[in-house]
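One structure below.
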Amino acid sequence: MSVRDGMLDIIGRVRELIGDESEEQFTTQHIQDVLDRTSRVDAWYEELVEQGTILSGGSVRYYDFYSPHYPWEGTPTLYNGSYLALTGTLAASTVDYMRGYWHFTGSVTPPYGPVRPVRVVGNHYDVHFAASALLEEWAAAVKTHVSFRDPNFSFQMNEQYQHLRDLAAHYRAMCPVATIKMVRGDT
């Protein structure tokens, strides 16, 4: 499987987080595989948060929409309140998939923007969880490196191991909390 075009910015962000911008430790394909395996969420008609723009006179128009989850892979499909795909002339004029932001150009006739609510279908990722998984892999690779000392010199690889583990724990703490509903069968 090849690296998908819509993943390049996300992979670049993960590389920045783990400090592997020179691509010495992980291949681009491996990072994409880890992202897909550990942190991809397939979103189906997830409702976007609308941000109103107050015009002179006090009227409110809705041109800006945000997702609480980001970054988004490639080109997710947006749908209006009538489940009509927002493509072509209805498409967003400004998009930032890394921030989960869509801006629509207003029209002169009602509804002045897309029919709300706006929903999205696509994949978004938790880059912090993927970074922590990759750092754990990296730490496992350097764990076998030895530390040695002679009278004139001391070299310790366990510092790198501990640094990678600490950074992985830091990124794992930045992951969003997930909840599940459980039902007891005995009540």
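You will find that of 39, 67, the residue that is in contact with a Lys or Arg (Cβ under 9 Å, 6 or more places away or on another chain) and in contact (Cβ under 8 Å) with a residue 40 or more places away in the chain is 67 and no other. The set of residues in segment 101-150 that are in contact with a strand residue (DSSP E or B) (Cβ under 8 Å, 6 or more places away or on another chain), under 19 Å from residue 28 (Cα atoms) and of a type in the set (Ser, Thr, Tyr) contains only 125.
Hey, any hits in segment 170-181 for a residue that's surrounded by fewer than 14 Cβ atoms within 10 Å (Cβ to Cβ), in the same structural domain as residue 35 (by TED's automatic domain parsing) and farther than 28 Å from residue 33 by Cα? Yes, that holds for at least one residue. Taking (1) in contact (Cβ under 8 Å) with a residue 60 or more places away in the chain; (2) touching a strand residue (DSSP E or B) at 6+ places or on another chain (Cβ under 8 Å); (3) surrounded by fewer than 16 Cβ atoms within 10 Å (Cβ to Cβ) in turn, residue 48 satisfies each apart from (3).
Given the conditions (1) outside the structural domain of residue 34 (by TED's automatic domain parsing); (2) within 10 Å of the chain's Cα centre (by Cα); (3) crowded, with 18+ Cβ neighbours inside 10 Å, report the number of the one that residue 130 does not fulfil. Looking at each condition in turn, residue 130 falls short on (1).
Pick out the one residue from 78, 90, 55 that is without any contact (Cβ under 8 Å) to a residue 12 or more places away in the chain and not assigned by TED's automatic domain parsing to the domain that holds residue 164.
Only one candidate qualifies: 55.
Based on this model, can you work out whether residue 117 counts as closer than 30 Å to residue 79 by Cα and not assigned by TED's automatic domain parsing to the domain that holds residue 8? Here the answer is yes, as residue 117 does meet what is asked.
For every residue, the table says whether it meets (1) in contact with a Pro (Cβ under 8 Å, 6 or more places away or on another chain); (2) assigned to a loop (DSSP other than H, G, I, E, B); (3) among the aromatic types (Phe, Trp, Tyr); (4) more than 30 Å from residue 165 (Cα to Cα).
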| position | (1), (2), (3), (4) |
| --- | --- |
| 20 | no, yes, no, no |
| 25 | no, yes, no, no |
| 36 | no, no, no, no |
| 41 | no, no, no, no |
| 52 | no, no, no, yes |
| 57 | no, yes, no, yes |
| 68 | no, yes, no, no |
| 107 | no, yes, no, yes |
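Checking 142, 127 one by one, the residue that is of a type in the set (A, V, I, L, M, F, W, C), touching a helix residue (DSSP H, G or I) at 6+ places or on another chain (Cβ under 7 Å) and within 23 Å of residue 176 (Cα to Cα) is 127 and no other. Take the conditions (1) buried (at least 16 other Cβ atoms within 10 Å of the Cβ); (2) assigned to a loop (DSSP other than H, G, I, E, B); residue 81 misses just one of them, which is (1). Condition check for residue 6 on (1) surrounded by 17 or more Cβ atoms within 10 Å (Cβ to Cβ); (2) in contact (Cβ under 8 Å) with a residue 60 or more places away in the chain: one failure, at (1). Residues of segment 85-104 that are out of contact with any Pro (no Cβ under 9 Å at 6 or more places or on another chain) and exposed (fewer than 13 other Cβ atoms within 10 Å of the Cβ): 85, 87, 88, 89, 93, 94.
One residue stands out in segment 111-127 among those that are of a type in the set (D, E, K, R) and assigned to a loop (DSSP other than H, G, I, E, B): the one that is surrounded by the fewest Cβ atoms within 10 Å (Cβ to Cβ), namely 116.
The values are calculated or read from the model by the stated rules, or taken from the named source; none is laboratory data. Computed from a prediction, not measured in an experiment: that's the story for all the values here. Reconstructed Cβ throughout: ideal geometry from the backbone, glycine too, with neighbour counts over all protein chains shown.
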